[in-house]
1. Examine the stretch 128-135 for a residue that is open to solvent by 60 Å² or more (accessible area, probe 1.4 Å), under 30 Å from the mean Cα position of the chain (by Cα), closer than 18 Å to Pro36 by Cα and at pLDDT 90 or above, and state whether such a residue exists.
2. Going through the stretch 325-380 one residue at a time, which ones are of a type in the set (Ser, Thr, Tyr) and crowded, with 17+ Cβ neighbours inside 10 Å?
3. Considering the stretch 197-221 alone, what residues qualify as being of a type in the set (Ser, Thr, Tyr) and either surrounded by fewer than 16 Cβ atoms within 10 Å (Cβ to Cβ) or at pLDDT below 95 (or both)?
4. Scan (1) modelled with pLDDT under 95; (2) aliphatic (A, V, I, L, M); (3) buried (at least 18 other Cβ atoms within 10 Å of the Cβ) for the single condition Leu177 breaks and write down its number.
5. Search the stretch 25-45 for residues that are free of Cβ contacts under 8 Å to residues at least 24 places away in the same chain and pair each with any residue that is part of a helix (DSSP H, G or I) when their beta-carbon atoms are under 6 Å apart and the residues are at least 6 apart or on different chains.
6. Within the set of pairs 6+ apart or on separate chains, which have a first residue in the stretch 350-366 that is under 22 Å from Tyr222 (Cβ atoms), a second that is surrounded by fewer than 13 Cβ atoms within 10 Å (Cβ to Cβ) and not aromatic (Phe, Trp, Tyr), and C-beta atoms under 6 Å apart?
7. Exactly one of (1) assigned to a strand (DSSP E or B); (2) open to solvent by 40 Å² or more (accessible area, probe 1.4 Å) is unmet by Arg45. Its number?
8. Step by step: first the residues of the stretch 241-250, then only those that are touching a residue at least 24 places away in the same chain (Cβ under 8 Å) and part of a loop (DSSP other than H, G, I, E, B), then the one that is surrounded by the most Cβ atoms within 10 Å (Cβ to Cβ). Which residue is that?
Amino acid sequence: MAQLVKNTRVKAFVMGSGERYCLLFDAQTRHPLYYPNLYVTTQVRNNSLSLAAMETALNGIQVLLAFCDGRGIDLEGRILRRDFFAPNELDAIRDACQKRFAEPNRQIDPKSTALQIPACVGKSAEYTRLTEIAEYLHWYSQILLRGRVDRETSTQIRQMVAGLKVRRPRNRKRNQLKRQDGFDDSQMAKLWEVVTAGSESNPFIRPDIQLRNYVMVAVLAYVGNRGGELLNIRTTDFDSDFTHIIIARRHDEADDTRLYQPLVKTLDRKAPINPTLAKLILQYIKDFRNKVPNARRHDYLFVTHKEGPTQGQPISISAYQKMFRTIASTASELADLHGHALRHTWNRKFSELMDAMKDPPSPEKQEQIRSYLQGWMEGSGTAAAYNKRFNEWKAMQAGLTLQQSMIRVPENLHYAN
């Protein structure tokens, strides 16, 4: 999505090779800005980071350029003169990073009773902007001054960069006690009730979309893959007997029409497919997918069914997220539903399966199995974290059982009405 901050604009596009790219333009002259684009090419793109990472870097630089433009600051001249930002200016840059900039062509009726957009961004966005600006200023100073950076200048640059980073909002560690551990059995039962084709609770009307959405939820729940992996599945990724599926990394695919291509963050792997799930997938392909106009032009499994310019194209990330928001709105039990919650749920069910075995694999072997099925690199520690979560859950259950066996309510105790 292109975004406008003062007189600059970020434009994302797909090159002929399939690579997703973006550039920062002067909104008036429509000329690309040399140094910001050189930075994002050499420091972000060449490090194999995603389009989203490139956009994030340029959006931070936009805020810096808007700040300089508003104060009449010649950033290049300041750096060449070694006149780096003073503490009060760093405070002002921090304040600018808190500001919410309007999107291009967005008209807001001041008399509207609709929910108004907050004037400030969240702490996470502010943190990211300050980080990107600090990294860019460090690189920009080194590039402009080239080999003329003496010890004093180097110290001044480090102080400026450190001054920006220390002004970032406190990035408190997540409360591990409130983390998302997936859905319990009652929530999953409610989810299946809502997404089942023909259910009165199903918020989607058309039978083809109902089945597509059910299959998407089923794959996430039974395979435990990520949303990006789900949207990357091709009809050719299944073996001839539909007993397994290949989860493959496919960055910058030329035949993927989506600008924001869903990415596979984990390792390539095979995942088993049980006969029931295989039957559902085949039913969706034969009865609905292959009859959608334009769908046969590619082999991505899940496509857009709604009539319009994107009909038959691979389903987008935004449509995938909208599907889950719609499902979540149907019941209070599903209020926290999102695609990744099903991955957490899969991991909980995997732990329960291992725990129920009479002769379970060793903890080390369990980590290896879980890591392969989830696409994690062995020894990364992610699988061990899920084992720890399950042990914590078992400890809670044991504690409750112990309390129930020990507690005694006094006979003369009266509960308040």
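1. Step one: of the stretch 128-135, the residues open to solvent by 60 Å² or more (accessible area, probe 1.4 Å) are 135.
From the residues that got through so far, the ones that are under 30 Å from the mean Cα position of the chain (by Cα) too are 135.
Okay, now just the ones that are also closer than 18 Å to Pro36 by Cα, so 135.
Those left that are additionally at pLDDT 90 or above: 135.
Checked the stretch 128-135: at least one residue is open to solvent by 60 Å² or more (accessible area, probe 1.4 Å), under 30 Å from the mean Cα position of the chain (by Cα), closer than 18 Å to Pro36 by Cα and at pLDDT 90 or above.
2. Just the residues of the stretch 325-380 that are of a type in the set (Ser, Thr, Tyr), to begin with: 326, 329-330, 332, 345, 351, 362, 371-372, 380.
If the condition is that a residue be of a type in the set (Ser, Thr, Tyr) and crowded, with 17+ Cβ neighbours inside 10 Å, then Thr330, Thr345, Ser351, Ser371 are the ones that fit.
3. Filtering the stretch 197-221 down to residues of a type in the set (Ser, Thr, Tyr) leaves 199, 201, 214.
Of everything in the stretch 197-221, those that are of a type in the set (Ser, Thr, Tyr) and either surrounded by fewer than 16 Cβ atoms within 10 Å (Cβ to Cβ) or at pLDDT below 95 (or both) turn out to be Ser199, Ser201.
4. Condition (3) is where Leu177 drops out.
5. Filtered contacts from the stretch 25-45: Val40/Met54; Val40/Ala57; Val40/Leu58; Val44/Ala53; Val44/Met54; Val44/Ala57.
6. Here the result reads Met354/Pro360, each pair linking the stretch 350-366 to a residue that is surrounded by fewer than 13 Cβ atoms within 10 Å (Cβ to Cβ) and not aromatic (Phe, Trp, Tyr).
7. Of the numbered conditions (1) assigned to a strand (DSSP E or B); (2) open to solvent by 40 Å² or more (accessible area, probe 1.4 Å), the odd one out for Arg45 is (1).
8. Looking only at the stretch 241-250, we keep the residues that are touching a residue at least 24 places away in the same chain (Cβ under 8 Å), and these are 242-247.
In the following step, the residues that additionally are part of a loop (DSSP other than H, G, I, E, B) were identified as 242-243.
On the way: Phe242: 15, Thr243: 13.
Checked the stretch 241-250; the qualifying residue surrounded by the most Cβ atoms within 10 Å (Cβ to Cβ) is Phe242.
The values are calculated or read from the model by the stated rules, or taken from the named source; none is laboratory data. None of these values were measured; they are calculated from a predicted model. Neighbour counts are summed over all protein chains in view; Cβ atoms, including those assigned to glycine, are modelled from backbone coordinates with ideal geometry. Surface areas here come from the heavy atoms of the whole protein model, side chains and all, with no ligands, DNA or RNA. Shrake-Rupley method; radii C 1.70, N 1.55, O 1.52, S 1.80 Å.
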